[in-house]
1. Within 10 Å, at most 14 other Cβ atoms, and a DSSP state outside H, G, I, E, B define an exposed site. Report the longest part of the chain free of exposed GluC sites (Glu not before Pro).
2. Placing +1 on the Cβ of each Lys and Arg and -1 on the Cβ of each Asp and Glu in segment 1-145, which of Tyr127, Met63, Cys145 has its Cα farthest towards the positive end of the resulting dipole?
3. Can you give me the long-range amide H partners of Met60? Hydrogens built in the peptide plane at 1.01 Å from N, cutoff under 5 Å, separation of 5 or more residues or another chain.
4. Compute the distance in nm between two label points, each set 7 Å from the Cα along the Cα-to-Cβ direction, one at Glu112 and one at Arg222.
5. Taking the Cα centre of the chain as origin and charging only Cβ (+1 Lys, Arg; -1 Asp, Glu), how large is the dipole, in debye to the nearest 20?
6. For Lys37, what accessible surface area do you get with a 1.4 Å probe? Give it in Å², rounded to 10.
7. In terms of the Cα gyration tensor, with a ≥ b ≥ c the square roots of its eigenvalues, is segment 34-85 rounded because a/c is under 1.5, prolate because a/b exceeds b/c, or oblate?
8. Taking the solvent-accessible surface of protein heavy atoms with a 1.4 Å probe, what is the per residue accessible area of the chain in Å²?
Amino acid sequence: MISVAGAQQNELLRALSRNDLEALFPHLELVPMAAGKHLYDFGSKFDYAYFPTNAIVSLMYVMEDGATTEIGVVGREGVLGVAMYEAERATCSAVVQTAGYAYRLKSSVLRELVASGGAMAQLLMRYTFAMFAQLAQNVVGGRHCTIEQKLCRWLLDRLDRSLSDEIKVTQDTMATMLGVRRETITMTARKLQADGLIQYRRGTVAIIDRAGLEECAGTCYRAGKIGFEQMHATAWSNA
């Protein structure tokens, strides 16, 4: 059963009026999101849009030699797989990193909602702006931020989308996402732990000092968050 309380675990759906949200109920489907599941890959057709609740999904770009780099992350604040026209194809891969659930909506239904120019269209416009800010900051950060700043930001991005202060992730995964060697992640994580910011044990990172982690990340984290803060402020003021 689809419920208002359940659907509102996704912040975009939560920003809809109750009437607009309930009108979506016949079209929404709650689906499990297993870790490692590919929602779509480069060149794939978009059959569904996904509104995560507690799952976290990485947007990955895969090079011809198989090397991968994370270019964005989506959790309960957003949506994946939005296709504005039927022939649109994915330009990256979307891989579930943290298992959970999402509400999915057929792409054809979402296109009709956008074409109607209603509340969903307005929300998606604001979300697109916020995502552009995140992607732009990833480009800037990739060139100008230190690995310590990048790792701090990467952890904070997950923390913002998590329901606890612990992040289930391996050093191999962090290295892959950030495009660095595992040994580099090991050394950086040890420093953050020595500074009292995190506690790392096999497969789990516990955030001990969030404020300190934000300070360490600096503008590498804050600049990318501005777009989402503006989106939330505008969405809730108009909800």
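The values are calculated or read from the model by the stated rules, or taken from the named source; none is laboratory data. What you see is a predicted model; the values in this text were computed from it and never measured. Don't worry about glycine lacking a Cβ; one is built from the backbone with ideal geometry, like all the others, and counts go over all protein chains shown. Ligands, DNA and RNA are stripped out before the accessible areas are found, and what is left, the full protein with its side chains, is counted by its heavy atoms. Shrake-Rupley method; radii C 1.70, N 1.55, O 1.52, S 1.80 Å.
1. Numbers: sites that count: Glu64, Glu86, Glu88.
Of all site-free stretches, the longest is 89-239.
2. Tyr127
3. Long-range HN contacts for Met60: Ile71, Ser93, Ala94, Val95.
4. 4.6 nm
5. On the way: 25 positive and 25 negative charges, 54 e Å.
Roughly 260 debye for the chain.
6. Here the residue's solvent-accessible area equals roughly 90 Å².
7. It comes out oblate by the Cα gyration axes.
8. 50 Å²
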